[in-house]
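A.B. asks: Please find one structure pasted underneath; my questions will follow.
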Protein chains: 2
Amino acid sequence: MSSVRSPKKSPSTPGPADTTPPAGELVDTGFLRTLVGYNTRRAALSIIAVFMDRMAVYDLKVVDFSVLSLVEHNPGITSRQLCATLSVLPPNMVGLIAALERRGLIERRPHPSDGRAMGVHLTPAGVELTAQAAQTAAQLEEDATNRLTAAERKTLIRLLQKVYD
Amino acid sequence: MSSVRSPKKSPSTPGPADTTPPAGELVDTGFLRTLVGYNTRRAALSIIAVFMDRMAVYDLKVVDFSVLSLVEHNPGITSRQLCATLSVLPPNMVGLIAALERRGLIERRPHPSDGRAMGVHLTPAGVELTAQAAQTAAQLEEDATNRLTAAERKTLIRLLQKVYD
DNA sequence: TATTGTTATACTCTATAACTATA
DNA sequence: TATAGTTATAGAGTATAACAATA
């Protein structure tokens, strides 16, 4: 893990037929694959690709689905709380919420105790769409990780949470 | 895993003091945390944040480090192979390679058997920097995942590879 | 003075079309 | 014709600064 293999020969003298070009299409990714960061990013991109594909029918991106789910389980949640939970900066949340509101999926009402804030709620249409999307998400997850057993999936989630919690 | 909890009550009748606003700062992320995709993305962002911070001294981004590592272990690798391996589109690889070449870390030589392609190689300076960066990466990985035991880290990598391989 | 939500704006990342040189 | 590398450009994602209204 700590040792870095030294290159077979110094490329300081660029001879004509010096190093073997990668035969065919095989690329050695051995070192990168020892890194948790590399593997985590690759897996995330893999799952997100499936997610985006399946959620296209609802016209929902990953962050849209996250917002709807959080609003569903936290009715009256503020924009600021959504930003903090999803690591989205406030200026970038504005257009996001505005678009969902324009689509009639959420609505904002004055916060009962803080005059500056607006509480976000799902509309009936938003409840409907979120329920459908959540079901699609659950199914998609099974498909995107179908090489894992249920026990492995549970273990994977537990270890990932140990990383970022 | 497969069942989606139904919302506690339909918010179709927006009464005045209907739903409890999220008390204090607590947000219920329970549902999102059941999703492999959500947890994987969160963990990836967490590790990448540490990565970017520690690699700033080398002025290397994640993709820069990946390119240097692949070139180190695959001398003469082509731009196209780098693109395929790292999921970077060819037009976006151009500036990336050009910048590393301008910094004197890599050099491109005509491919011995394909007149269209250019083989990428590390320069001595590139070998030096890549070795240092790889050591920093290994250390950083330990720190970013220090809540995992060595065995857990190994298991995590194995499960992640089962997802995207 | 600090915070919520907002506008404007800039920077980065990613994606598409089209061209050239070679296979 | 197909592929490697490239240019130009568009779009999405992410970033900072500054402001009004409220705490």
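The values are calculated or read from the model by the stated rules, or taken from the named source; none is laboratory data. Keep in mind that this is a model prediction, so the values were computed, not measured. Every residue, glycine as well, gets a Cβ built from its backbone with ideal geometry; the counts of neighbours run over all protein chains shown.
A.B. asks: Check off (1) surrounded by fewer than 18 Cβ atoms within 10 Å (Cβ to Cβ); (2) at pLDDT 95 or above; (3) at the interface with another protein chain (Cβ under 7 Å from one of its Cβ atoms); (4) in contact with a Ser or Thr (Cβ under 8 Å, 6 or more places away or on another chain) for A:M1 and give me the number that stays unchecked.
C.D. replies: Condition (2) is where A:M1 drops out.
A.B. asks: Working carefully through the options A:A117, A:A137, find the one that is among the hydrophobic types (A, V, I, L, M, F, W, C), in contact (Cβ under 8 Å) with a residue 40 or more places away in the chain and surrounded by 15 or more Cβ atoms within 10 Å (Cβ to Cβ). Write out each step before concluding.
C.D. replies: Values: A:A117 fails: in contact (Cβ under 8 Å) with a residue 40 or more places away in the chain.
Every option except A:A137 fails the conditions.
A.B. asks: Being assigned to a helix (DSSP H, G or I), closer than 17 Å to A:G30 by Cβ and not hydrophobic (A, V, I, L, M, F, W, C) is the filter here; which residues of region B:67-83 pass it?
C.D. replies: B:S69, B:E72, B:H73, B:Q81
A.B. asks: If we scan region A:43-60, do we find a residue that is more than 16 Å from DNA strand C (Cβ to nearest atom) and part of a loop (DSSP other than H, G, I, E, B)?
C.D. replies: For region A:43-60, residues more than 16 Å from DNA strand C (Cβ to nearest atom) and part of a loop (DSSP other than H, G, I, E, B): present.
A.B. asks: Moving on to the next point. Can you tell me which residue in region B:66-106 is nearest to A:R42 (Cα to Cα), limited to those that are facing chain A (nearest Cβ under 8 Å) and away from DNA strand D (no atom under 12 Å from the Cβ)?
C.D. replies: In this case the residue turns out to be B:S87.
A.B. asks: Out of the residues in region A:20-45 that are at pLDDT below 95 and surrounded by 17 or more Cβ atoms within 10 Å (Cβ to Cβ), which is farthest from A:L140 (Cα to Cα)?
C.D. replies: Ranking the qualifying residues of region A:20-45, first place goes to A:P21.
A.B. asks: Provide a single number: the residues in region A:120-134 that are in contact (Cβ under 8 Å) with a residue 40 or more places away in the chain and part of a helix (DSSP H, G or I).
C.D. replies: Residues of region A:120-134 in contact (Cβ under 8 Å) with a residue 40 or more places away in the chain: A:120-122, A:126-127, A:129-130, A:132-134.
With the extra rule that they be part of a helix (DSSP H, G or I), the set shrinks to A:126-127, A:129-130, A:132-134.
So the count comes out to 7.
A.B. asks: OK, next. Examine region A:152-160 for a residue that is within 16 Å of DNA strand D (Cβ to nearest atom) and either surrounded by 12 or more Cβ atoms within 10 Å (Cβ to Cβ) or of a type in the set (D, E, K, R) (or both), and state whether such a residue exists.
C.D. replies: No; the residues of region A:152-160 include none that is within 16 Å of DNA strand D (Cβ to nearest atom) and either surrounded by 12 or more Cβ atoms within 10 Å (Cβ to Cβ) or of a type in the set (D, E, K, R) (or both).
A.B. asks: Would you mind stating whether B:L89 is touching a residue at least 24 places away in the same chain (Cβ under 8 Å) and within 19 Å of A:V27 (Cβ to Cβ)?
C.D. replies: no
A.B. asks: Moving on to the next point. Tell me which residues, restricted to region B:65-85, are crowded, with 20+ Cβ neighbours inside 10 Å and of a type in the set (A, V, I, L, M).
C.D. replies: Hits for region B:65-85 are B:V67, B:L68, B:L70, B:V71, B:I77, B:L82.
A.B. asks: For B:H111, are the conditions met, namely being touching a Gly at 6+ places or on another chain (Cβ under 6 Å), at the interface with chain A (Cβ under 8 Å from one of its Cβ atoms) and within 21 Å of A:E25 (Cα to Cα)? Talk me through it step by step, then tell me what you get.
C.D. replies: Details: touching a Gly at 6+ places or on another chain (Cβ under 6 Å): yes; at the interface with chain A (Cβ under 8 Å from one of its Cβ atoms): yes; within 21 Å of A:E25 (Cα to Cα): yes.
Taking the combined requirement at face value, the residue satisfies it.
A.B. asks: Within region A:84-102, identify whether any single residue is of a type in the set (K, R) and not in a helix (DSSP H, G or I), and answer yes or no.
C.D. replies: Checked against the condition, which is being of a type in the set (K, R) and not in a helix (DSSP H, G or I), region A:84-102 yields no hits at all.
A.B. asks: Can you tell me which residue among B:R158, B:R147 is outside any helix (DSSP H, G or I) and over 18 Å from B:Y58 (Cβ atoms)?
C.D. replies: Of the residues listed, the single one that is outside any helix (DSSP H, G or I) and over 18 Å from B:Y58 (Cβ atoms) is B:R147.
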